[in-house]
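Below is one structure, written out as structure tokens; comments come after it.
The values are calculated or read from the model by the stated rules, or taken from the named source; none is laboratory data. Since the model is a prediction, treat every value here as computed from it, not as a measurement. Virtual Cβ from ideal backbone geometry, glycine too; neighbours counted across all protein chains shown.
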Amino acid sequence: MTTEEILANLQTSFPGLAKAELPIKNYPTWTVPAQSLRVVCERLRSKFSFDYLDVVTATDWSGPASPKGYPRSPAVTPGATPAAGALARDVFEVVYIVSSLSAGLRICLRCEIPRTEGASVPSLYGIFMAADWQEREVYDMFGIKFEGHPNLIRILTPETQQGYPLRKDYEHIPDKFD
Amino acid sequence: MGIVLDNLSKIETLPGGEIALATSDSLINWARTSSLWPLTFGLACCAIEMMAAYAARFDFERMGVFPRPTPRQADVMFVAGTVAKKMAEPIIRIYKQMPEPKFVIAMGGCANCGGPFYDSYSVVKGVDKIIPVDVYLPGCPPRPEALMYAVIKLQEKIRKMKVKNGSGATPLQATGSRKLS
Amino acid sequence: MTKETSTAIKADQMFINFGPQHPSTHGVLRIALTVEGEVVIKARPDVGYLHRGMEKLFEARNYSQALVLTDRLDYTSAMHNNLAYCLAVEKLAGIEAPLRAQYIRVLVSELNRIASHLVFFGTFGVDMGAFTPFLYAFREREMALDLFEMLCGGRLLYSYMRVGGVSADLPPGWIEKCREFITFFKPRLKDYDTLLTSNPIFRSRTEGVGVIGAERAVSWGLSGPSLRGSGVNFDVRKNDPYCVYDKMNFTVPLGKTGCCFDRYYCRMLEMGQSAEMVLQCLDALSGAELNPGEVMAKGVPKMFKPAAGQAYAHVEASRGDLGFFAVSDGGLNPYRMHVRGPSFINVAILQEILAGCKIADVVAVLGSLDIVLGEVDR
Amino acid sequence: MTEETIQPKLSEPVFNHSNGRLLMPETRYWPTQMWKSPWSLPTYRRGAAVLAGLITGIAGAAWFLGEAGPRVAPLYSAAEQFALSKGVPAFIISVLWTFIKGAILLAAPLVNALFAVWWERKISAHIQSRMGPMYVGWWHGALQTVADGLKLLLKEDIIPETADKFVHMMAPVVVVIPAILAFAPVPFGNELVYADIDIGTLYVFAVGGVSVVGIIMAGWSSGNKFSLLGGLRSAAQLVSYELPRTFAVVPVIMLAGTLNISAIAGLQAGYWGGIIPRWLIFYPVVGQIAFIVFLIASVAETNRIPFDIPEAESELVAGFNTEYSGMKFALFFLSEFAYVLLSCLLMASFFFGGGAAPLPFLDFLPSWAWFLGKVLILMFCFLWFRWTFPRFRVDRLMDFNWKFLLPVSLLNIAAAGLLIWFLS
């Protein structure tokens, strides 16, 4: 069964599911509305044997990274600031790559959520155990809450960390070690 | 043995005391330079080169460098790698657990000044911000030979230590780790 | 220590802080163990003691500069990191490396896999209390490092691969030296087996310890030898071939039960397969059909702006499926670069499989998963 | 893909391809060259020559010196005569003599520690294709242990805040004193024994068993969880392995008919058929099993790999001595090597005929030289095990003891009974 057929099959029950405009190269990329993410993944796993969660990550599309996010100003080369303002919009894009080891298929799921303080998506914990730490990492870096995750606390940064570092508007507050 | 070391400098007042003191200094320093026991403690990439220095080709044990797993029995700490802010407190604690006289070698660019992560939000830019450092060893990562060179430099430093100046510790060590704001 | 661990301890239990400074945590991992006598009741791995904010730093470097940071991820197999990064950026920018460069990439990746697995073999031996394998493994590893040093001047962190190829062709005499190394190395694998693998004490320490079933391994997203030790036949080199792996002739060793010994022995067998692949690459490279000297794609500037887009490329690194997710907005710097570190995902399973183990098994399980903290914490 | 914006000016890297560092044979060679023919390397030949010279030199010196026991006796009687003629009471002489002998005996574990630690480091290095200590002292790091000891003596002595201070301080003492006391009835050669008591075997095991209390004290009082676990592990291990160790000696006692160690060693003099020495290890089945059980249990008693779970470095950091620094730690080290020496001395006396020469025509060397040689060979076994085996897990260790060693040693006692019945 190809990914096209799977998509057609799923679209009958989830009309929000669609092919993404800007796909990941060489990967079938679908956009999923946040509310049906968990159900789609459950269906993918149970019906189409997509049992392996490769990646959970996110992108902050709000524009170029603020230089204040670095304790010392990085050596920014001229022209490094992005020219393409067209892509900038006020969303977080949560990216999942799931794969089926038996069928050798890989699908990228993308889920756009508005860029607010309490931005949240449903957690995939329970469907894929691999989501456990990867979601914690995304929470740590972006502050995106994963609803239903049993242990959503910071994982990589120290407890003294202020703010979410991978947000583009992150501003570093010097602490005692700087 | 602290009592002996503390009172050893009083020999100087005796006739011929200076010679005796110089002899005991050289004996003590010989012992200390000849058996520098580091802590088996690695942080990042440099730790692999540190392991290579212990291993067959470079064989640190030729110089009497014999790794100990616990800070209580160690003389020197190789801070081998990037010091993340989360790791800073444990490093200070380990340093405090080591018995005097204790030495620190900052191995690699990260431990010296932050290295390639000089502009990172979660890296301590140089381990000398949290503990006193005796020898700075540049490189990313330094070769095992370089680490041996750092140890030789540390030995040179130890040879200049005198019992007269504060129970044989280097001046910075006498005050312990720096106070954090 | 978080509140969660300090409150839930009963009178006959004890809380042990395993790490971050501990001889056998392979870096600065911390495991919060609740033990009852010698038996672990609960384990909570705590990572982040080497968090360097690498993904943030990628956004402040251009594509060539960012390559240097990738070396520091999994520092025992830097070539794989370089390769995965280069593949992702090449995909993003639409560059294709020349065939000779692809062969060299496969060659050095496999050589680095040998070096990396030797570190595993040595440190696993130390975890088990046998110190000598460590020295033997490092003796052979030094030879592989000599070859790398000849190739690019670096012993540990290479930055040898570049976007569009590799930085330099093989130096004269390298191929013969490499063959010499492989012929020396293959009999040493038997030595390792006699020294450690066939030791009954070692077998009793590892067999049936830390069993991860196939389904559980897949669900937790394990990859690499840790996954294959559980009998799941998944290898990126076979299932999603990159470079010239589709032309290579090799088998993927599989374990049966998923215990520590299976994971260990998968790695040992993989070294033999890697040695075979190195020989195949050397044969191809010493022939005349691959143009000597043509190791960089033509017209790749030092600084470039890929068109806006997203790409994901993954390789089979020594520790598993290493992926780079790159997003470009058309600027000089990556807009976002995410690293799927196999160690990071592999180490998460510790919280489940350590419960019920002995304290001595903690080091066995941890050692058999073969994590590198640089990749876990990034 | 867009055109380049800035082209940084960098000089091309220059590689010295033809002779990189790799290809310089004087400074670095690959193990391949070593593997082909190690004897082609001058260092190998020189090392072998030095080793052969050392062995012959020591043997020659031993031959020249001859038996120590018979030479000491006339010295002692002459000194006694001299003192008696000056009017010193006899009991003072005997007390003084006891003290002098005690001081000489005390030197044995101390000198042994200095030597054995260096030797262990050299042996381990050569097993692992390294060199070991090289630069400290005049020859091959000969003074390495002296430097280590001096440095440890001068280190700060830390007593942790959470420690039970008195017990923490006493623990090394409790470990070391029995280790030295246990040497009293052990012979170092014919007539070279401090206290030739009749219950020597019993005494050694009884006194040696006290050290475990010190280890438990160390583990408990340190206020460190790793130490505590190490102490508990050592309590379980040492008490368990005492049993097979003692039972392994029972056949020896049955065959010899005495508990006096030097008498046991003396009974093994002589040869069967003029060739095979009448050592206990050559008694069919019983001797070999007793020796192997005793060897294994001795390795376990001395906390060495594969039985070093009380100080398992990769699990418990340093086990019971995690919190010990400076000289206290050195005392633990000293006692460990003292027990290794003691085990080797016991094995040499029980199973290898003490000071008897292995072949009749070799008895021109004095008994203490044979004793020393046997002890060194047995000690080498201890070091060899340490650098070859992995470590047992704690429950497997107990299984091994209770389910294998103990039954075997009990069966061996029965077999010894059969053998005695058969011989008589």
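Among the candidates B:I130, B:I152, the residue that is under 30 Å from C:R378 (Cβ atoms) and within 15 Å of the chain's Cα centre (by Cα) is uniquely B:I130. From the list D:I215, D:I159, the one residue that fits, being of a type in the set (V, I, T), within 28 Å of C:N17 (Cα to Cα) and crowded, with 23+ Cβ neighbours inside 10 Å, is D:I215. For region C:54-100, taking the residues that are within 14 Å of chain A (Cβ to nearest Cβ) and basic (K, R), the one that is farthest from B:D119 (Cα to Cα) is identified as C:K91.
For beta carbons closer than 7 Å, sequence separation of 6+ or different chains, a first residue in region A:133-148 that is away from chain C (no Cβ under 14 Å) and a second that is among the β-branched types (V, I, T) and part of a strand (DSSP E or B), the qualifying pairs are A:F146/A:V121.
Within region B:78-126, being farther than 28 Å from A:Y70 by Cβ, touching a Pro at 6+ places or on another chain (Cβ under 7 Å) and either of a type in the set (V, I, T) or within 14 Å of chain D (Cβ to nearest Cβ) (or both) holds for B:I94, B:Q97, B:M98.
Selection within region B:41-60: residues that are surrounded by fewer than 23 Cβ atoms within 10 Å (Cβ to Cβ) and outside any helix (DSSP H, G or I). The member of this set that is farthest from the other protein chains (Cβ to nearest Cβ) is B:F58.
Within region C:213-235, residues that are more than 8 Å from chain A (Cβ to nearest Cβ) sit with their Cβ atoms under 6 Å from residues that are among the basic types (K, R) and surrounded by 24 or more Cβ atoms within 10 Å (Cβ to Cβ), at 6+ positions apart or across chains, in these pairs: C:G224/C:R319; C:P225/C:R263; C:P225/C:R267; C:S226/C:R263; C:G229/C:R263.
Counting the residues of region A:140-178 that are touching a strand residue (DSSP E or B) at 6+ places or on another chain (Cβ under 6 Å) and hydroxyl-bearing (S, T, Y) gives 0.
For region C:209-222, the set of residues classified as over 21 Å from the mean Cα position of the chain (by Cα) and closer than 15 Å to C:M128 by Cα consists of C:V209 only. Checked across region B:26-38, the condition of being within 11 Å of chain C (Cβ to nearest Cβ) and either out of contact with any Phe, Trp or Tyr (no Cβ under 7 Å at 6 or more places or on another chain) or under 29 Å from C:L73 (Cα atoms) (or both) holds for no residue.
Within region D:312-332, at least one residue is touching a Phe, Trp or Tyr at 6+ places or on another chain (Cβ under 7 Å), of a type in the set (A, V, I, L, M), surrounded by 24 or more Cβ atoms within 10 Å (Cβ to Cβ) and part of a helix (DSSP H, G or I). For region A:120-153, a residue qualifies if it is assigned to a helix (DSSP H, G or I), under 16 Å from C:E55 (Cα atoms) and of a type outside the set (K, R), and the qualifying residues are A:Q134, A:E135, A:E137, A:V138, A:Y139, A:D140, A:M141, A:F142.
Each row is one residue, and each column tells you yes or no for (1) within 21 Å of B:P142 (Cα to Cα); (2) touching a residue at least 40 places away in the same chain (Cβ under 8 Å); (3) not aromatic (F, W, Y).
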| residue | (1), (2), (3) |
| --- | --- |
| B:V83 | yes, yes, yes |
| B:K86 | no, no, yes |
| B:I92 | no, yes, yes |
| B:K96 | no, yes, yes |
| B:P99 | no, no, yes |
| B:I105 | yes, yes, yes |
| B:F117 | yes, no, no |
| B:S122 | no, no, yes |
| B:I131 | yes, yes, yes |
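Assess whether C:G154 counts as being within 14 Å of chain A (Cβ to nearest Cβ) and either modelled with pLDDT under 90 or surrounded by 24 or more Cβ atoms within 10 Å (Cβ to Cβ) (or both). Judged against the criteria, C:G154 is not a match. The condition (being crowded, with 16+ Cβ neighbours inside 10 Å and modelled with pLDDT of 75 or more) is satisfied by just one residue among A:S62, A:S66, A:S49: A:S62. Against the criterion of being closer than 23 Å to D:I158 by Cβ and at pLDDT below 90, D:T322 qualifies. The criterion of at least 3 residues that are modelled with pLDDT of 85 or more and more than 8 Å from every other protein chain (Cβ to nearest Cβ) is met by the following strands (runs of 3 or more DSSP E) wholly inside region C:281-378: C:309-317, C:320-328. For region A:100-109, a residue qualifies if it is closer than 19 Å to A:Q11 by Cα and at the interface with another protein chain (Cβ under 9 Å from one of its Cβ atoms), and the qualifying residues are A:R106, A:C108. Can you find even one residue in region C:218-235 that is in a helix (DSSP H, G or I) and touching a Pro at 6+ places or on another chain (Cβ under 6 Å)? The answer is no; no qualifying residue exists. Against the conditions (1) in contact with a helix residue (DSSP H, G or I) (Cβ under 9 Å, 6 or more places away or on another chain); (2) modelled with pLDDT of 85 or more; (3) within 30 Å of B:Y118 (Cβ to Cβ); (4) at the interface with another protein chain (Cβ under 10 Å from one of its Cβ atoms), C:V108 satisfies every one except (4). Considering every residue within region D:117-129, establish whether at least one is surrounded by fewer than 20 Cβ atoms within 10 Å (Cβ to Cβ), of a type in the set (F, W, Y) and touching a residue at least 40 places away in the same chain (Cβ under 8 Å). Scanning region D:117-129 turns up at least one residue that is surrounded by fewer than 20 Cβ atoms within 10 Å (Cβ to Cβ), of a type in the set (F, W, Y) and touching a residue at least 40 places away in the same chain (Cβ under 8 Å).
On inspection, A:D140 passes the criterion of being touching a Lys or Arg at 6+ places or on another chain (Cβ under 8 Å) and acidic (D, E). Only residues that are in contact with a strand residue (DSSP E or B) (Cβ under 7 Å, 6 or more places away or on another chain) and not in a helix (DSSP H, G or I) were counted across region B:103-123, and they come to 8.
Listed by position, the helices (runs of 4 or more DSSP H) enclosed by region D:85-183 that each have at least 2 residues that are at the interface with chain B (Cβ under 9 Å from one of its Cβ atoms) and modelled with pLDDT of 80 or more are D:90-127, D:144-154.
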